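Note sheet for the following structure.
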Amino acid sequence: MISAPTWFGSDGFAISAEAISPRRNRTPPPSPSATVPLPFGGGFNCSIQKINLGKVKTTMKVGIGNDHAGAELKMEIVKHLEEIGVEYIDYGVAVGEKIDYPDAAERVCREVVAGNVDRAILICGTGIGISIAANKIKGIRACACSDSFSAKYTRLHNDANALCLGGRVVGPGLANELVDLFLTTEFEGGRHQRRVDLITKLEEKN
Ligand code: RB5
């Protein structure tokens, strides 16, 4: 279990921020540790933990949607899902085709709500427009993510069912790590269930 917040290096190692800002009375993170150099000299110590995202083990079916600004990144994510053996349906447009991001979001999110796919991965230029649109659909909890901490915690705490990515914000390596975290992290439930239920109640007030 990796302490949060966590960043992932391109080599598959996770860097724990606890080493940067240690909390009081907390047991120091296990070795190995390393000194991360800073560009202006010096550095800080951080713990390095090997994580194994490996092959994502899930029977989940994913629906993918994208507008024209997300088509290239979508291709990379589709390739990744095929490599790790996750079933998907591509509802998005191809490179060179156009669609407005609210329409792209709706196509996939309706399928999630109908139970035809389990989760959505949505891509536009920033990840923001498509997440705003997705969150208008009853039953969708969408999060625009460009860091691994958010991708992990939106599953742990918000039970997010739509991951939104910006094709002009994240590169394919990071995007695929965010996808892995989104697909493999379980909702924690407990006090977070009560808060998710409050979101559902908010929807019902509309
Ligand atoms: C399309 O050009 C762009 O506005 C859209 O993909 C998205 O970034 C909106 O939030």
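Are there any GluC sites (Glu not before Pro) in segment 165-204 that are in a DSSP loop and have at most 12 other Cβ atoms within 10 Å? List them by number.
Here the GluC sites (Glu not before Pro) that fit, given the DSSP loop and packing criteria, are GLU186.
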**Q.** In segment 93-171, GluC sites (Glu not before Pro) in a DSSP loop with at most 14 other beta-carbon atoms within 10 Å
**A.** GLU97
Q) Roughly how many nanometres apart are two label points built 7 Å out from the Cα toward the Cβ at LEU156 and VAL196? A) 1.5 nm
(Q) At 0.890 mPa s and 25 °C, plugging the Kirkwood radius over alpha-carbon pairs of segment 102-165 into Stokes-Einstein gives what diffusion coefficient in µm²/s? (A) 217 µm²/s
Q) So, counting K/R as plus one and D/E as minus one, what does the shell of residues with Cβ under 11 Å around ILE99 add up to? A) -3
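If packing is taken as the average count of other Cβ atoms within 10 Å, what order do 64-74, 112-122 fall into, highest mean first?
So the peptides 64-74, 112-122, ranked by packing, come out 64-74, 112-122.
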Q: For segment 86-137, divide the Cα radius of gyration by the Kirkwood radius and give the resulting Rg/Rh value with two decimals.
A: 0.94
Q | Rounded to the nearest 20 debye, dipole of segment 153-201 from Cβ charges on Lys, Arg, Asp, Glu | A | 280 debye
(Q) Over segment 93-204, with the other protein chains present, what is the accessible area per residue in square angstrom, probe 1.4 angstrom? (A) 46 Å²
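The values are calculated or read from the model by the stated rules, or taken from the named source; none is laboratory data. Since the structure is predicted, the reported quantities are computational estimates derived from the model, not experimental observations. Here Cβ is always computed from backbone atoms with ideal geometry, including for glycine, and neighbour counts include all displayed protein chains. All accessible areas refer to the heavy atoms of the entire protein, side chains included, with ligands and DNA or RNA removed. Shrake-Rupley method; radii C 1.70, N 1.55, O 1.52, S 1.80 Å.
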